[in-house]
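Working notes for the structure below.
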Amino acid sequence: MSVSPAPQPPTAPSQQPGVLPSIPTIDVPEGDAVRAREYWLKDYGFSSVWKEATGRGVTVAVIDTGVDQSHQDLKNNVLPGTDVSGVGSARGWKGLGVEPEHGTMVASLIAGHGHRDPKTPTFSGVGGARPAGMIGVAPEAKILPISLEIGGISEGAKNIDEQLPEAVRYAVDHGADIINLSVGSDSTNWPEQWDSAFAYAEEKGVIIVASAGNRGSGITQVGAPATMPGVLTVGGVNQNKQDSWSSSSQGISIAVAAPSENLMGATPDNKYAVWSGTSGAAPIVSGLAALIKEKYPNFTAAQVIQRIISSADDAGENGRDALYGYGIINPAKALNPKTSDEAEENPLGSMRQWIQVHRKNESQPTPRSSVPTHHADEHIPVASPPTPRRPAEDSGILPFIVVGGFFLWTFIITRYSIRSLTQLVRTQKKRRRPQG
């Protein structure tokens, strides 16, 4: 196996949005036990819950760089979608940007179904699954691909601030139950033109799942769209279920954590790769949401989200924290009828209410390109902190400055008074002289 170097991001404005940087991939030949590398299927119990649900009848919109619908592990699971960049294929089936394979890897983690291989004739798994290749956590879900062009490398591509809300609206209007956004930024804010699209998804009961970002790629804190109210933000853990330093981030908006290191993914032209990052953790949670949606078809988005967070295994500090959120996902508990799902409102907040509170007094729109979004290989430099300096009042110099200033000021006043008095005496002497 050879390690493929991460493509370098193009020069672009610092505030230009894009897709979450992932760790460089390792190409994996098909015969190199692709399925055996999917440790999360067994370790997290996904393969055990397929007898209850496989995602059948659920549509997950993958708003990303495009999905290769012809991949042997995705055939018939990828619907005709669209392109919102202006430079992609009409159905969202063409990879775009600096990481064109990213969308296909994301989709395969959700709805890969594998394929038949004479070398591996037997497989104990979900009914319709094939024994070889990539299998997603919801292998019978459907993928609605919506391609973005991130990074500004294609002439004629629309600004990401326009692409993203258009993509969200398209997903809602074309039957998506869940939207996966493996995109992110290092800014907690977002352009105002995103507001209405996310509020529209909330109004129509569509679940939005987003990546938290990766420290290893320069994202040191969770940024938009993962900071937006109501979004199910996913952090990452390693194979020991510990917070991943390089392949996760931190922030109060993280809801749950999922595997983000040494992930498998299908890439275009029937290939595979090992990759890392919360770009992969998010689709695992999107797939879990699809399983819940199939088993409990009448659940609202709020109830599905409530099940995911209430079933999570607490990790880190007690209760919700900035690394694991409410905890690490537990698929078996999430599908268990006894798990709490009482939620009239989204426990992660309401975009509609946020708009009413925070936008009502704003007269000027948020500047365009205010959110630097990026993809799997764009790196945002972290600004160096300022060098700490001791304030003057703590240096020991200030008392001398004050005392010296006092004596200087006294000297000036005294000298001025003496000069004025001398001048007055001379004037009086002149007036007393006799006139000749």
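Read-outs: derived from the displayed coordinates by stated rules, not from any lab. What you see is a predicted model; the values in this text were computed from it and never measured. Note that each Cβ is placed from the backbone with ideal geometry, even for glycine, and that neighbours are counted across all protein chains shown.
Around Lys333, with a cut-off of 14 angstrom between Cβ atoms, what is the net charge of the other residues, counting Lys and Arg +1 and Asp and Glu -1?
Here the count lands on -1.
Under 5 Å between amide H atoms, partner at least 5 residues away or on a different chain: which partners does Ala224 have, H built in plane at 1.01 Å?
Ser185, Ser187, Thr188, Asn189
Taking R0 as 41 Å, what FRET efficiency do you get between Arg359 and Glu317 from their Cβ-Cβ distance, rounded to the nearest 0.05?
According to the calculation, E is roughly 0.80.
When the Karplus curve 6.51 cos²θ - 1.76 cosθ + 1.60 is applied with θ = phi - 60°, which whole-Hz ³J(HN,Hα) does each residue of the range 139-151 get, with x for Gly and Pro?
Calculated HN-Hα couplings, in order: x, 10, 6, 10, 9, 9, x, 10, 8, 10, 10, 10, x Hz.
Through the Karplus equation 6.51 cos²θ - 1.76 cosθ + 1.60, θ set to phi - 60°, convert the phi angles of the range 54-67 into ³J(HN,Hα) values in whole Hz; use x for Gly and Pro.
10, x, 4, x, 10, 10, 10, 7, 9, 8, 7, 8, x, 10
Can you pull the one-decimal nm distance between simple spin-label points at Glu344 and Asn189, each 7 Å off the Cα toward Cβ?
Going from the Glu344 label point to the Asn189 one covers 3.5 nm.
Amide H neighbours of Ser244 under 5 Å, at least 5 residues apart or on other chains, H built in the peptide plane: list them.
Residues meeting the amide H criterion: Gly236, Val237, Asn238.
Assuming 1.567 mPa s and 4 °C, estimate D for the range 283-363 with Stokes-Einstein, Rh taken as the Kirkwood radius over Cα pairs, in µm²/s.
For these conditions, the coefficient is 93 µm²/s.
I need Glu38, Glu317 ordered by Cβ neighbour count within 10 Å, fewest first.
Fewest to most other Cβ atoms nearby, the residues stand as Glu317, Glu38.
In cubic angstrom, how much convex hull volume per residue do the alpha carbon atoms of the range 18-374 span?
Given the Cα convex hull of the range 18-374, per-residue volume reads 117 Å³.
What residue among Pro131, Gly97, Tyr170 has its Cα farthest toward the positive end of the dipole of the range 18-374, where the charges are +1 on Lys, Arg and -1 on Asp, Glu, each on the Cβ?
Farthest along the dipole direction, towards plus: Pro131.
Thr233's amide H: which non-local residues (gap 5+, or another chain) put their own amide H closer than 5 Å, with H modeled 1.01 Å from N in plane and none for Pro or chain starts?
Distant-sequence amide H within range of Thr233: Ala210, Ala255, Val256.
Could you go through the range 233-249 in sequence order and give the Karplus-derived ³J(HN,Hα) for each residue, using 6.51 cos²θ - 1.76 cosθ + 1.60 with θ = phi - 60°, rounded to whole Hz, and x for Gly and Pro?
Ordered by residue, 3J(HN,Hα) equals 8, 10, x, x, 10, 7, 5, 8, 6, 10, 3, 8, 5, 7, 10, 6, 9 Hz.
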